[in-house]
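Working notes, structure below.
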């Protein structure tokens, strides 16, 4: 059974898709089926309005999620009522989503459920905590389109990435994009000494100088770095070993740093990969000149799944694509329709 | 009677918020989602014995809160209360014969379990009793597990048990599933009907839980803000060390101290004069706020208080909302004045607060308006406070003046105004108002040339510009 035992090493797992219809739900159903055979208590939810009979964005048919006996699931009141199984209610949230309060139930038999969980990350964290109180060993979160942020290590410890023909049927394009996202997820953690210095910092932009003193730059985000009145801050980077950005890292800063003489001596640190908003091109040229980008916390990328069918009906050669993908990302890639192969 | 009272509050809620009631409500730390509804609908109590009871139970709660032996219990109470949801609608539906769904039944069961636990926890406190909800728990907990969870249990029907057993063997049999749903619906109907018999008790339990939540929050607030228990009197009201909690906190954050004031008054009009920045408006809002707090059953911000109850509180203060409604500040004020006069014709046991009446019009007519208002209030013996800067308010009434700038105050832009002013109120017999506006402007750091010009022109105030033009030449 591929990758299931790896999942069990973590308390929380997110499944994110490179795009809609990249086979996230099929992957989830597979994982749930495998987990149901093992002696673990599992909780499942999704982010936002996902798990509709029809996909919210592309209006294509979407598989429902099969919940097995003795699994906990969290979904909105509306979808709880339309569940096709017997379940015992264990919690009702005090807050409400667009589809009503969130209900956490324990499945008394196996059946289908439409999942629609919390719409924001802080409530997602609450669901994970609550599941732990109910005795869950693992909480799985079904992601949604462009909601990579839920794979943030501050929410889930491990991630499975679903990629597929829905993103592009052009093999090169698909491989390049998947590889890029995998590379971001796999960015190395900063060395332990630097980590210990930076871990307590909440907000702002900080530098560690060559004399090892920590200094806070008096600006809120990297966007402000390039305002003319903040020129002096950019000059300070010359004498820095580490630049720590608690917020978002953008293209402009990477482009600027790439052409500086001190680039090889500077380590840029961000909280986690979800804070990196840079294009593939810029990231590549930054790496080529020897730029060093590190994260404070990283997510374990457990596996990549591949859906060879696009919503328009095109089907890619599964075996060939997976081979190319696998060679490029150094991880096994599984076909969602046939994972056991 | 109760409805009538709540109506007053709904009308006056914006007044209470304007007076700084929002700060008090923010500080009020209620735990349950349920209590919010009740806080927004607090009755304005005019009945003396009800209020006395309310203050006594608050006093008892404060004693219990201060007793360190109880702290573990109060932490448990807070934990329980935080799980109480607002399920009034579900109870109402059941009362009206509607069928509750699983989420509603789950919520009712949880509430009943919490009430039962609260009941035992606070039994020895002897503050409040809750109705017995054991029959409700019996209905919703057929397996007697006492776990806060719910579904249509197999124990409700042997038919359902058999069907579910079949269903678990035959996955995805939609006909079979449909059959179980039909039986479940039948059971929900029966459960709802059974619960209907207990709906009055459930409603009462909700009222009591919310009341208890607010009571504990109120008592904690009294400790936190140093509030005192008011003594209810008939005519006289008096405060020792009256303070405005919000401003006190604000000053504390800036390392400044608040000067509390003592004040006594009866059922008659009071005129307050005093220098600019002397805290006249603060006196007005604090008095009105305290009256509201008292009649909502809260402790008041003073070290000692004796308060006469009123039937209604009316304000006439600057309100930015008027501009939005297309009224000039004078027009809005006059409409307000008219409301007040109409009210005085109906009831004389009301409390009126007017901040700088007719300040936006010419002084000659302004004075006449203030005099007329004072006379109207005097004729009816209306408990009221009016602040003014006008001289020649000759209608005889009680006059209070903010003491004002301390002796030996150096007038310069570097002097701290707060430290130079004595905010206490003194009886005043004259008819003139203090003249220290230019000094205050100077201390505020207004342009020196401008201040000099003002001082020079002050000399020609009572003559005319011909004389002034002559000296200029």
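Read-outs: derived from the displayed coordinates by stated rules, not from any lab. Note that the structure is predicted; figures quoted are calculated from it, not measured. Note: ideal-geometry Cβ built from the backbone for every residue, glycine included; neighbour counts use all protein chains shown.
Helix B:199-225 and the long axis of chain B differ in direction by around 40°, with both axes built from C-alpha atoms.
A Förster radius of 30 Å combined with the Cβ-Cβ distance from residue B:182 to residue A:133 puts the calculated FRET efficiency at roughly 0.30.
From Cα pairs below 8 angstrom and at least 6 apart in sequence, can you work out the relative contact order of chain B, rounded to a whole percent? Taking the mean separation of contacting Cα pairs over the length of chain B, I get 15 percent.
Helix-only estimate, please: 222 nm mean residue ellipticity of chain A, summing -39500 (n - 2.57) across DSSP H runs of length 4 or more and dividing by its residues, to the nearest 500.
My calculation for chain A gives -8000 deg cm²/dmol from helical runs alone.
Taking only the Cα atoms of region B:109-207, the radius of gyration and Dmax are 17.2, 56 Å.
Inter-label distance, residue B:200 to residue B:365: 6.2 nm, where each label sits 7 Å from its Cα along the C-beta direction. Which FRET efficiency, nearest 0.05, do residue A:231 and residue A:328 yield, Cβ-Cβ r, R0 41 Å? About 0.50, to the nearest 0.05. Compared with the dominant Cα axis of chain B, that is its longest principal axis, helix B:280-295 is turned about 30°.
Restricting to region B:228-435, compute how many DSSP beta bridges are antiparallel as a %, nearest 5.
Of all bridge pairs located within region B:228-435, approximately 40 percent are antiparallel.
Rounding to the nearest 10 and keeping the result within 0 to 90°, find how far the Cα-based axis of helix B:174-196 lies from the longest principal axis of chain B. Result, in degrees: 60. For region A:91-130, the square roots a ≥ b ≥ c of the C-alpha gyration tensor eigenvalues yield an a/c of 1.5 or more together with a/b exceeding b/c, which makes the shape prolate.
Please identify which residues in region B:442-460 have an amide N closer than 19 Å to a label point set 7 Å out from the Cα of residue B:391, following the Cα→Cβ vector. B:454-460, by backbone N distance to the label point. Contact order for chain A, expressed relative to its length and based on alpha carbon pairs under 8 Å spaced 6+ residues apart, stands at 21 percent. Taking every Cα-Cα distance in region B:391-450 and sorting them into 10 Å bins starting at zero, the pair-distance distribution P(r) comes out as 20, 42, 27, 10, 0 percent. With no solvent and one equal point scatterer placed on each C-alpha of chain B, evaluate the Debye formula and give log10 I(q)/I(0) for q = 0.07, 0.11 Å⁻¹, two decimals. Normalising to I(0) and taking log10 leaves -0.53, -0.97. Shape of region A:192-295 from the C-alpha gyration tensor: rounded (a/c under 1.5, with a ≥ b ≥ c the square roots of its eigenvalues). For region B:228-435, the Kirkwood hydrodynamic radius comes to 18.0 Å, computed from all pairs of different C-alpha atoms. Rg and Dmax of region B:2-217, both derived from C-alpha coordinates alone, stand at 21.3, 69 Å. Inter-label distance, residue A:282 to residue B:50: 6.5 nm, where each label sits 7 Å from its Cα along the C-beta direction.
Convex hull volume per residue, computed on the Cα atoms of chain A, equals 147 Å³.
What the Cβ-Cβ distance of residue B:437 and residue B:26 gives, at R0 = 35 Å and to the nearest 0.05, is a FRET efficiency of 0.50. With Cα atoms as the point set, the radius of gyration and Dmax of the protein assembly as shown evaluate to 35.5, 113 Å.
Were the residues from residue B:121 through residue B:60 laid out at 0.36 nm apart, the gain over their Cα-Cα distance would be 20.3 nm. Binning the C-alpha pair distances of region A:279-341 at 10 Å intervals from 0 yields a P(r) profile of 17, 33, 31, 17, 1 %, listed from the shortest bin outward. Spin-label model, residue A:94/residue B:165: points 7 Å from Cα along the beta carbon direction are separated by 4.3 nm.
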